[in-house]
1. Could you tell me what % of all Cα pairs in region 357-474 have separations over 18 Å?
2. Take the residue pairs K379/K493; K450/K493; K190/K252; K254/K379 and return only those whose Cα atoms are more than 30 Å apart.
3. Provide the FRET efficiency to the nearest 0.05 for the W219-D72 pair, computing r from the beta carbons and using R0 = 25 Å.
4. Take each of the peptides 193-201, 305-313, average the number of other beta-carbon atoms within 10 Å over its residues, and list them starting from the highest.
5. Under a point spin-label approximation (7 Å from Cα along Cα-to-Cβ), what is the E175-D58 distance to one decimal in nm?
6. Can you list, bin by bin at 10 Å, the percent of alpha carbon pairs in region 1-143, starting at 0?
7. Quick one: what do you get for the chain if you divide its Cα Rg by 2.2 N^0.38 Å?
8. Show log10 I(q)/I(0) for region 96-186 at q = 0.20, 0.25 Å⁻¹, two decimals, from a solvent-free Debye sum over equal Cα scatterers.
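Each value in this text was obtained by applying a stated rule to the coordinates, not by laboratory testing. Here the structure is a predicted model, which is why all the values come from computation and not from measurement. Using ideal geometry, Cβ is built from the backbone for each residue, glycine included, and neighbour counts are taken over all protein chains shown.
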Amino acid sequence: MTTGPARVRFAPSPTGDLHVGGARTALFNWIVARQTGGQFILRIEDTDQNRLVGESIDGILESIRWLGLDWDEGPLVDGPHAPYFQSQRLDLYTRYVQQLVDAGHAYPCFCSAERLAEVREQQRARKEPPGYDRHCRNLSKEEVQAKFDAGETAVYRFKMPLDGETSFYDLLRGEISYENRNLQDLVLLKTDGYPTYHMANVVDDHLMEISHIMRADEWIPTAPLHVQMYQAFGWEPPIYAHMPVVLRPDGKGKLSKRDGAVGVLEYQQKGYLPEAVVNYLALLGWAYDDKTEIFTIDELIEKFNVEKVNPSPARYSFEKLEWMNQHYINHVLELDDVAARCVPFLVDAGLVDPVAADTTTGEFARVRDTIELVKDRLKYLTEATELVDFFFKDETDDYDAETLVPRKTEPETALAGLNAAREGLADIDFSDEEALEAKLRELAGEIGLKAGQMFMPIRVAVSGRTVSPGLFETLRVLGRDTVLARIDIAIQKLQAHTA
Ligand code: GLU
């Protein structure tokens, strides 16, 4: 697609959270920049004052940063084409609209909202497609001046050619053509002096020397206007590649909030790994072959080919993403890495002291020892807080005494097992899991219990639940003092229960 360094951009409108579809677009742009030694530019398209959600910019930047898609130019880092917020570039757009007007490619339109509504109404009645009827397209200079003198306000519209075709090449789809007679004279500049998306987008892509436009395919219908604008300015248009829409898992309609977590930061908060999210997003529309699914970011940079992106819609799968995340936690990341990433969640849950963020501390070592017991089955990091919380809590006695009693046995059975364990474990080496297991089996035999009838009450006593990581490793990590203290509490509970 290119031999030289590509200048690409991600140009979000800050109208809400960054969704996975947008993140996929950002990712593809970023990869192309990195694989060609080019630049990835981040531009905030904040000129639609009605749709602006002020605080969403921070969330968008945080989402992109969390995914690891560093930008070479844009907010916070600036660059040779600053500012990168369109709302700070308004003068520029006005100037360029004037240039189009002077060259006869744009015109002021004084039509009121009422008139436009009336036109639409008539078109509906005649079953014609809606659109502006070009009422002001041929006003003379004098007529225009007279209206301005009378205090009328105007928007500026692009003067589309009325016949012929507008074509452009899309890297995924090949040549795309539109008949000009079906195209509209769209607004470039509004009465409030703000440009529309088209105006700001085209001017900035040109001024920022963008070589490739990779964006969602919902923008294909606007591309002919953009191409015409490039021509009117006498500029070279960039190369286009429109990314396939992301569909709901059942394929019925576009993926939306109602389907589940679609905001990038929702995944961060749930304890997904950015590596897994990036890997999954890369496969939304692209495949290297028919089997490889796991790609590090470096492998993506090496292997991704934007021309191989399938233009047909891509279905989103929450399960596949969860599977991929689990795969990364279970098999790709090292234990220390997973433990370090769990720390913020454990700190937030009030289980661990923030010093654990320092991996040289004993507090971190404790986190690592517990995460080691669950790493192989963690689906996402927040799950760790539920699975290992009992290692860090002072108390685990908020369970019912009944829970201590194995099925089809009496409370006395559990009590006998716990009493035997209380005594028999008092002088065992807790760092030796095998010794712990051998001892508990031996004790069970002595008092005539099956192993399971012995282990179950101990598991509940030390963890407060019936499902926990392996019992002997759990005992090892908890250590003797905690284990014996918790068994004491369980014994008291049972005694109170049976009294
Ligand atoms: N601001 C547009 C959006 O948020 C950008 C479209 C484009 O990349 O040209 O979708």
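1. Numbers: 3903 of 6903 pairs.
Result for the distance tail: 57 percent.
2. Details: K379/K493 34 Å; K450/K493 22 Å; K190/K252 36 Å; K254/K379 26 Å.
Pairs exceeding 30 Å: K379/K493; K190/K252.
3. Numbers: r = 23 Å, r/R0 = 0.92.
In this case the efficiency is close to 0.60.
4. Details: 193-201: 21.2, 305-313: 15.1.
Answer by packing, highest mean first, reads 193-201, 305-313.
5. 5.1 nm
6. Result, from short to long distances: 10, 27, 25, 23, 14, 1 percent.
7. Ratio of Rg to 2.2 N^0.38 Å for the chain: 1.38.
8. Cα-only, vacuum Debye calculation for region 96-186: -1.06, -1.27.
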